[in-house]
Amino acid sequence: MQELLSDFLSFVKMNTRSDEKSNTIPTTPGQKELALLLKRKLEDLGLSQVQFLEDCAFTIGCLKGNVVNKAIGFIAHVDTADYNAENIQPQVFENYDGSDLLLNAEHQIYLRVADSPNLKDYLGETLITTDGLTLLGADDKAGIAEIFAMLRFYVAHPEVSRPDIWVAFGPDEEIGRGADRFPVDKFPVDFAYTIDSGRVGHFEYETFNAAKLDLEIKGISVHPGTAYQQMINALKLALEIDAALPQEAVPEKTRGYEGFYLLHDLNGTIAHATANYIIRDHDQQAFADKKAYLVEVIEKINARYSYDPISYQLTDQYYNMRPIVEKCPASIDLAIEAMKNLAIEPIIEPFRGGTDGSKISYLGIPTPNIFTGGENFHGQYEFISLQAMEKAAQTLIEIVRLYGKK
């Protein structure tokens with residue numbers, strides 16, 4: 001427990017926020033700094049084939065097994081989300097008593113039970129929080145720390161049957177880029193897991209299909225007093241597109257398997273505007289229909305004018321991993337069996353998002369997603385329980401043990 005906590009606290013203090021505007025690999029220097037630290041830690045544990053791969057910024061390594069012809073992988077990302085990650089000051093609250101937590105006395109910032117009722121699930125446990133001014137980074141540095149806890153167990157217990165255990169720590173998951181370059185040829189496993197979900201018990205092997213649409217709208221700006229039949233207002237065309245979409249198919253009105261359109265940002269003037277949409281659905285046909293409908297709306301508007309005021313770029317981002325993962329039932333069954341053996345109730349729900357595993361699965365390695373134990377990701381009220389992290393580490397240990405003896 002103490003090593004797990006020590007690892008986690010050291011990892012989260014490093015600013016590894018990714019940057020969508022950067023074209024470097026990784027997109028920020030802090031990510032490489034952490035990746036190289038993890039490389040040294042893997043070497044210190046005695047893993048073999050430890051490398052930092054410059055072309056993709058993944059750190060990989062292997063703890064050799066003692067059963068033949070079996071290999072399993074565990075993956076976590078080093079970057080954090082688009083929220084302040086400078087000067088992270090984690091706080092540790094032991095034996096949590098169920099009350100509101102004062103995160104920052106100077107700014108009077110509290111983590112309140114009324115806003116985060118799940119706090120009541122952690123009575124008597126050790127909570128790690130922010131100081132209210134940054135995110136924490138449990139997404140996904142808890143996953144990294146939990147993988148190291150699992151490795152330490154197997155280094156200390158070579159007598160326990162185990163397959164080869166491959167680990168990988170990669171960049172830029174939060175901006176959807178890192179797994180594009182995942183080194184499949186250097187990661188020879190039967191299947192893998194990302195350790196990147198939330199509350200204890202969460203396990204996902206189906207995700208959204210995802211696309212983004214980037215719009216550029218070229219209007220015609222003239223003096224409003226003489227604008228009759230001359231002005232073409234780029235902002236009004238952007239609003240017209242959004243009004244033509246199903247108004248119930250938005251994130252704030254959908255759940256479960258329901259897909260959506262999200263107008264992510266809109267900027268501009270009468271003469272020129274840009275907008276970005278993301279499109280999500282678990283079902284492949286519904287996903288295709290959503291994309292086609294949005295394009296149809298744009299083309300109908302363009303047809304009214306002597307030129308095409310709206311240009312667009314539609315890009316698929318990732319796909320639902322379920323069809324790939326279900327071809328490898330062991331990757332599902334082992335995780336469920338491991339949790340049940342530890343008296344953890346599996347919570348299996350469609351993931352309303354994507355993981356690195358969404359892309360890695362389509363690169364040829366079935367890769368479902370396992371919980372880290374964290375809550376309130378991507379913001380100042382993020383927290384995690386040390387006991388939840390321990391349960392995650394125990395789950396990884398049990399998955400390896402089960403696969404080693406099957």
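The values are calculated or read from the model by the stated rules, or taken from the named source; none is laboratory data. Predicted model, so just to flag it, every value in this text is computed and none were measured. Please note: Cβ atoms are built from the backbone with ideal geometry, for glycine as well, and neighbour counts cover all protein chains shown. For the accessible areas, the whole protein counts, side chains as well, though only heavy atoms, and no ligand, DNA or RNA atoms are used. Shrake-Rupley method; radii C 1.70, N 1.55, O 1.52, S 1.80 Å.
Couple of notes before you dig in:
- The residues listed here are Tyr83, Tyr110; of these, the one that is free of Cβ contacts under 8 Å to residues at least 40 places away in the same chain, surrounded by 14 or more Cβ atoms within 10 Å (Cβ to Cβ) and in contact with a strand residue (DSSP E or B) (Cβ under 8 Å, 6 or more places away or on another chain) is Tyr110.
- Pro188 being closer than 25 Å to Leu45 by Cβ and surrounded by fewer than 18 Cβ atoms within 10 Å (Cβ to Cβ): yes
- Once the range 163-199 is narrowed to residues that are aromatic (Phe, Trp, Tyr) and assigned to a loop (DSSP other than H, G, I, E, B), the residue that is nearest to Met339 (Cα to Cα) is Phe187.
- Flag if Ala271 is among the small types (Gly, Ala, Ser), buried (at least 18 other Cβ atoms within 10 Å of the Cβ) and touching a Gly at 6+ places or on another chain (Cβ under 7 Å): no
- Some residue of the range 157-166 being within 16 Å of the chain's Cα centre (by Cα) and either modelled with pLDDT of 95 or more or farther than 15 Å from Leu63 by Cβ (or both): no
- Flag for Leu239 being open to solvent by 60 Å² or more (accessible area, probe 1.4 Å), among the aliphatic types (A, V, I, L, M) and either within 30 Å of Pro323 (Cβ to Cβ) or free of Cβ contacts under 8 Å to residues at least 12 places away in the same chain (or both): yes
- Members of the range 113-135 found to be out of contact with any helix residue (DSSP H, G or I) (no Cβ under 6 Å at 6 or more places or on another chain) and aliphatic (A, V, I, L, M), listed by number: Ala114, Leu119, Leu123, Leu127, Ile128, Leu133, Leu135
- Flag if Gln229 is among the polar types (S, T, N, Q), modelled with pLDDT under 95 and out of contact with any Asp or Glu (no Cβ under 6 Å at 6 or more places or on another chain): yes
- Matching residues, the range 320-357, being of a type in the set (S, T, N, Q), modelled with pLDDT of 95 or more and surrounded by 16 or more Cβ atoms within 10 Å (Cβ to Cβ): Asn320, Ser331
- Condition check for Asp97 on (1) over 30 Å from Gly357 (Cα atoms); (2) open to solvent by 40 Å² or more (accessible area, probe 1.4 Å); (3) in contact (Cβ under 8 Å) with a residue 40 or more places away in the chain; (4) out of contact with any Asp or Glu (no Cβ under 7 Å at 6 or more places or on another chain): one failure, at (3).
- Some residue of the range 207-224 being farther than 30 Å from Ala273 by Cβ and surrounded by fewer than 20 Cβ atoms within 10 Å (Cβ to Cβ): no
- Some residue of the range 359-378 being more than 28 Å from Asn84 (Cβ to Cβ) and basic (Lys, Arg): no
- Only one of Val68, Val113 that is among the hydrophobic types (A, V, I, L, M, F, W, C) and at pLDDT below 95: Val68
- Top-ranked residue in the range 130-163 [being surrounded by 23 or more Cβ atoms within 10 Å (Cβ to Cβ) and touching a Pro at 6+ places or on another chain (Cβ under 9 Å); ranked as farthest from Val400 (Cα to Cα)]: Thr130
- Residues of the range 301-319 satisfying the condition of being over 20 Å from Lys359 (Cβ atoms), in contact with a helix residue (DSSP H, G or I) (Cβ under 8 Å, 6 or more places away or on another chain) and open to solvent by 70 Å² or more (accessible area, probe 1.4 Å): Asp308, Tyr312
- Top-ranked residue in the range 54-63 [being part of a strand (DSSP E or B) and among the aliphatic types (A, V, I, L, M); ranked as surrounded by the fewest Cβ atoms within 10 Å (Cβ to Cβ)]: Leu63
- Taking the criterion of being of a type in the set (A, V, I, L, M) and within 18 Å of Pro346 (Cα to Cα), the residues of the range 384-406 that qualify are Ala388, Met389, Ala392, Ala393, Leu396, Ile397, Ile399, Val400, Leu402.
Residue-by-condition table, conditions (1) in contact with a strand residue (DSSP E or B) (Cβ under 6 Å, 6 or more places away or on another chain); (2) hydrophobic (A, V, I, L, M, F, W, C); (3) assigned to a strand (DSSP E or B):
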residue: Thr315; (1), (2), (3): yes, no, yes
residue: Ser331; (1), (2), (3): yes, no, no
residue: Ala335; (1), (2), (3): yes, yes, no
residue: Gln380; (1), (2), (3): no, no, no
residue: Ala393; (1), (2), (3): no, yes, no
residue: Glu398; (1), (2), (3): no, no, no
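- Check on Leu294, without any contact (Cβ under 8 Å) to a residue 40 or more places away in the chain and buried (at least 17 other Cβ atoms within 10 Å of the Cβ): no
- Within the range 1-53, being assigned to a loop (DSSP other than H, G, I, E, B), open to solvent by 60 Å² or more (accessible area, probe 1.4 Å) and closer than 23 Å to Gln387 by Cα holds for Met1, Lys13.
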